[in-house]
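See below for the structure under consideration.
Read-outs throughout are calculated quantities, based only on the coordinates presented, and are distinct from any laboratory measurement. Just so you know, these numbers come straight off a predicted model, no measurement behind them. With ideal geometry, Cβ positions are generated from the backbone for all residues, glycine too; neighbour counts draw on all protein chains shown.
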Amino acid sequence: MSEKFYVTTPIYYVNDRPHIGHAYTTILADVLARFHRSVGNDTFFLTGTDEHGQKVQNAAEKRGVEPLQHCDETVIRFQELWQRLGITNDRFIRTTQAEHKRVVSEIMQELYDRGEIYKADYTGWYCVGCERFFTEKDLVDGKCPDCGRDVNAITESNYFFRMSKYQDWLIDHIKSNPDFILPAFRANETLGFLKKPLGDLCISRPKSRLSWGIELPFDKDYVCYVWFDALINYISGVGYHTDADNFARRWPASCHLIGKDILTTHSVYWPTMLKAMGLPMPKTIFAHGWWLTGNSKMSKSLGNVVNPMDMIDRAGVDAFRYFLLAEMSPGNDANFSEDAFIARYNSDLANDLGNLLSRVSKLTIRATGGVIPAPAELNADDAELADAVNAAIATMEESLKSYKLDQGINAAMNAVRAGNRYLEKCAPWTLAKQGDTARLHTVLHNAADALCRVAVLLAPVMPEKMSELLAVLGIADGQISGIAALKEFKSVAGATMRETAPLFPRIVVEETEQSAAPAAKPEKKQPKQEKKAAPETAETVGVVTIDQFFQTQLKTAKVLSAEKVEGADKLLKLQIEVGAETRQLVAGVAKFYTPEEITGKTIVIVANLKPAKIRGIESQGMLLAAKDGDTLKLVTTDGEIASGASVG
Ligand code: MSP
């Protein structure tokens, strides 16, 4: 039965230049939307820009233009990038649009009339960069707790939303809806935040200080706080107060995709606002981690921002989409490096997937002129390949529900690798020489069929390349649309394959390459991969570069609690604090430390290790310990230091 699916991205600050962090969320939303559309779900995908507030006002003043003109000129950067990346958003909302402004204004009036908004004096600490007020106790060393910059003390009359009255309700809602905030450790983070009394939310700014915003309908001297205005985009964008039918059709949202730094605004402000409006809650708020470069969050001031356009020029749109989704395990941070990008492109796409396609097409054209033959009797090798493909389909379906698309993509690539192993093992070239036509046809059919199914699975991730791949197999666009159709699809037998140029030309890196490298081209230059495989000398064996070292992200972590894992006498299950986050980690240290001994220690962990299941328990990282024979000692810090500090 068809379901509804409504997905949103954050609306991006119009001032910023889009970087791969913004691109990641938008591509993730796009892939989810494409998957849902492909199975016939009633899908809506909203993205847009956040255009009010201090930063925009300041930037416009600096340029000597009106704020709206500034927004009109800068919004194009996002719109062009989304077009280039093949983003299929159904609407692009701008908070300066008249309709959105009217909805925000009406909501404010309604809440004010019902006493949900009131006026009071307020002294707070304001961070211009984050556009947020903080109370004294929120500050860290007297600075902004989010960005670490200086804050200014401000006392003024303002309007407040009675957020505090919804605290108990919110705690209960989070606890009784395990899918409301994902991953689960982010729900714990929000519950941790809600242990302290929740204040009311200051939702106005006096025009004397900030004029670029939506005017309060009940007091012309004030404009609306930019977050209160921005969050409302999720309902104004689908017809709240303007198109009742559309709103009933779309709301509540299935998923708000966000980055971890805007968790509180989405998991505390937004639900309480909705509750006060009497609206149902979104099903899921999914917070992903950050893209880091060289172990730091990308930021203009550090000068480590990766421009998506450069990467697209280098390897194409689909390879870029693939890399971002395959590389990041969405709950955790991921590191971006050009080396990692090229290595994954060459190994997964050029080698594994591209080679499987070109081998199958060549062999089939040689054997039958291109028509994919029908299979004869099946054996254990065929079953093994079919199992890998079925596992990929099941994992992809599961990963769509849990928003961990990297797992589905990984399973699809496992099926591709199983396809290559299958060809090696069944050796169709030998079968052809031996004249064993029945077996040859079976092998060619099964390999082509596996490729076809993988291409359908990966189509939302790499729409253009997978449509090219299917065309090589003789499958028309839209012939098999989505996982449901894939399950019904009998076989590729009878389709006519055509010859193909490499689908993903290997990226070759010149020895003297500078950062501004040429686009991917299949030329015979000295490839970096081959350069790396040059004979190792005594000096280079086991040597890593500083860049390679920093791909491993080491951090301090505090052990909050520990318990033995039932049925595994070596394992302890730890809950650890890594900065603002709580993680779970499974470690083989039970023979050396009791849960009581390890609790409270500050240890060192590999923070960007792909999460793994150990004895069915998720482990998000690995701790460091030194081992000498029968002795094992944890690596700890020389004295007190905050958890989440980087080690290196
Ligand atoms: N305008 C607000 C959102 C309002 S939503 C009602 C905002 N904008 S932002 O442009 O600063 O950030 C938008 C999103 O980009 C956030 O989800 C943030 O987490 C994400 N990212 C910014 N830098 C990032 C990385 N380096 N990596 C991954 N995502 C990051 O906040």
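The table below lists the values:
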quantity	calculated
Taking region 143-254 and dividing mean pair separation by its residue count, relative contact order in percent (alpha carbons under 8 Å, at least six apart)	19 percent
Full-stretch length increase - I614, D72 - with 0.36 nm per residue and alpha-carbon distance subtracted	190.0 nm
Cα centre as origin, Lys/Arg/Asp/Glu Cβ charges: the chain dipole, Debye	600 debye
Three-way shape call for region 191-249 based on the alpha-carbon gyration tensor, with the a/c threshold at 1.5	oblate
Set of lysines with alpha-carbon distance to K297 below 17 Å, sequence-local pairs under 8 removed	K260, K555
Percentage relative contact order, the chain, counting C-alpha pairs under 8 Å, at least six apart	11 percent
Fewest-first sequence of E488, E73, E338 by Cβ atoms within 10 Å of each Cβ	E488, E73, E338
Computed magnitude of the charge dipole of region 351-453 (debye, nearest 20; Cβ of K, R +1, Cβ of D, E -1)	380 debye
Orientation-averaged projected area, Cα convex hull of region 75-203 (nm²)	11.2 nm²
Two-site FRET efficiency, D121 against L279, from Cβ-Cβ distance with R₀ of 30 Å, rounded to 0.05	0.50
Leading residue at positive end of dipole, the chain (Cβ point charges), from N304, G567, L623	G567
Helix 167-176 vs. the chain, principal-axis angle (Cα, 0 to 90°, nearest 10)	20 degrees
Rounded if a/c under 1.5, otherwise prolate or oblate - the chain, Cα gyration tensor axes	prolate
Longest site-free stretch - the chain; sites: trypsin sites (Lys or Arg not before Pro), DSSP loop, at most 10 other Cβ within 10 Å	1-194
Radius 14 Å from Cβ of T242, net charge of other residues (Lys, Arg +1; Asp, Glu -1)	+1
Proximal lysines to K4, defined as alpha-carbon separation beneath 18 angstrom and excluding residues fewer than eight positions away on the same chain	K283, K401
Whichever lysines have a C-alpha closer than 21 Å to that of K570, once near sequence neighbours (fewer than 8 apart) are set aside	K558, K591, K601, K613, K627, K633
Gain on full stretching of the segment that runs from T155 to R114 - 0.36 nm per residue minus C-alpha separation	12.2 nm
Net dipole in debye of region 152-259 [+1 Lys, Arg Cβ; -1 Asp, Glu Cβ; about Cα centre; nearest 20]	220 debye
Listed residue (Q584, N177, V456) projecting farthest to the positive dipole end of the chain, Cβ model	V456
Nearest 10 degrees, 0 to 90: helix 20-38 Cα axis against the chain principal axis	70 degrees
Gyration tensor verdict on region 80-145 (Cα atoms; rounded if a/c is under 1.5, prolate if a/b is larger than b/c, oblate otherwise)	oblate
Calculated [θ] (222 nm, deg cm²/dmol) that DSSP helices of n ≥ 4 give over the chain, each run adding -39,500 (n - 2.57)	-12000 deg cm²/dmol
Rounded tilt (10° steps) of 98-113 against the dominant C-alpha axis of the chain	50 degrees
Region 350-409: GluC sites (Glu not before Pro) in DSSP loop, at most 16 other beta carbons within 10 Å	E377
Among beta bridges that DSSP assigns inside the chain, antiparallel share in %, nearest 5	70 percent
Above-threshold pairs, the threshold being 26 Å between Cα atoms, out of K101/K175; K55/K275; K195/K573; K137/K165; K362/K425	K101/K175; K55/K275
Point-to-point label distance, S481-T631, nm (Cα→Cβ direction, 7 Å offset)	6.8 nm
Unit charges at the beta carbon, dipole of the chain: most positive-side option, I480, H52, V268	I480
Relative contact order [Cα under 8 Å, 6+ residues apart], region 213-354, whole percent	17 percent
